[in-house]
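Please read the structure below before turning to the comments.
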Amino acid sequence: MLALALGLTSGLTWGVADFVGGLMARRHPLATVMVVGQGAGLVFMVVLVLVSGDAAPTGRQVAFGIFAGLSGSIGLAALYKGLSIGPMGIVAPTVALSGVVPVFAGYLEGERPATLQVAGMALAGIGIVLASRPRSAGDEPTTARPGSGIGYALVSAVFIGGLLVGLDRAGESSAVWAAFLVRVTSVPLFVLAFLVTTDRRLPPRRDGATMVAVGLGDNAANILFALASTRGLLSLVTVLGSLYPVSTVLLARTFLHERLARHQVAGVALAFAGVAAIAAG
């Protein structure tokens with residue numbers, strides 16, 4: 001149960017960070033958002049590594065940590081871009097298809113969830129698909145075109161799936177070191193992107209503090225997922241972690257007044273039912 005609770009908490013934390021990060025990407029250049037938030041995350045992880053006292057990772061774990069960092073950099077940048085130009089209520093659930101990647105990887109390694117948990121995974125998957133379907137012509141309009149950002153969301157889904165697999169492998173002995181390796185790999189890439197972009201505006205103090213909070217939240221979610229994946233089946237933990245769009249969708253509905261179609265509401269409900277089935281199994 002601890003692994004499932006950690007997995008679900010990681011997903012909810014990712015969802016909140018993604019919502020706020022998407023908002024910041026609507027107001028400021030993407031490279032700025034990534035550098036400030038992820039740079040703060042790196043400082044946070046350096047402190048955690050120093051105080052944790054965990055043993056240094058093996059060469060294999062370092063390799064997977066670098067892989068996770070590269071995948072996460074592409075996935076997170078694509079996610080924020082998609083959230084900045086498209087309806088969050090559609091983009092975020094589409095990115096949740098990232099859960100397919102580690103579930104498949106876990107199955108290849110011999111993981112076999114219980115029958116009820118398989119049913120829960122199926123319910124959550126159906127819910128994600130329903131929630132990501134565009135609204136029909138008869139639904140109430142949104143402030144953004146339904147198709148906007150879907151391409152970025154699909155790219156993000158693939159690479160965030162790689163991030164989840166890499167975090168699982170890199171965190172076999174230390175979740176803190178795994179999250180540190182992700183950030184120490186991604187931050188130089190975002191700094192390079194910031195230096196080559198033509199718009200290098202720095203955010204005002206308030207938005208800068210918000211970006212820092214996003215980076216810290218993203219790192220906290222990484223640590224929680226790495227802890228969860230080492231204590232439970234990767235396939236199950238991943239499904240729970242992949243429910244981050246639920247909190248993003250609900251926040252967008254509350255603060256941005258994005259209206260969901262009936263099938264999208266049903267999708268969110270099915271996702272929650274899947275969580276209950278996974279936990280009960």
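The values are calculated or read from the model by the stated rules, or taken from the named source; none is laboratory data. Everything quoted here is computed from the prediction, not taken from an experiment. Using ideal geometry, Cβ is built from the backbone for each residue, glycine included, and neighbour counts are taken over all protein chains shown.
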### Query
Taking the stretch 86-129 as the search range and keeping residues that are more than 27 Å from V265 (Cβ to Cβ) and among the hydroxyl-bearing types (S, T, Y), which one is surrounded by the fewest Cβ atoms within 10 Å (Cβ to Cβ)?
T115
### Task
Quick one: count up the residues across the stretch 250-281 that are of a type in the set (S, T, N, Q) and at pLDDT 75 or above.
1
#### Entry: Unmet requirement for P203, which otherwise passes all of (1) in a helix (DSSP H, G or I); (2) in contact with a His (Cβ under 7 Å, 6 or more places away or on another chain)
(1)
### Query
Can you tell me how many residues in the stretch 124-169 are closer than 12 Å to S98 by Cα and modelled with pLDDT under 60?
0
### Task
State yes or no: is V237 of a type outside the set (S, T, N, Q) and touching a residue at least 24 places away in the same chain (Cβ under 8 Å)?
yes
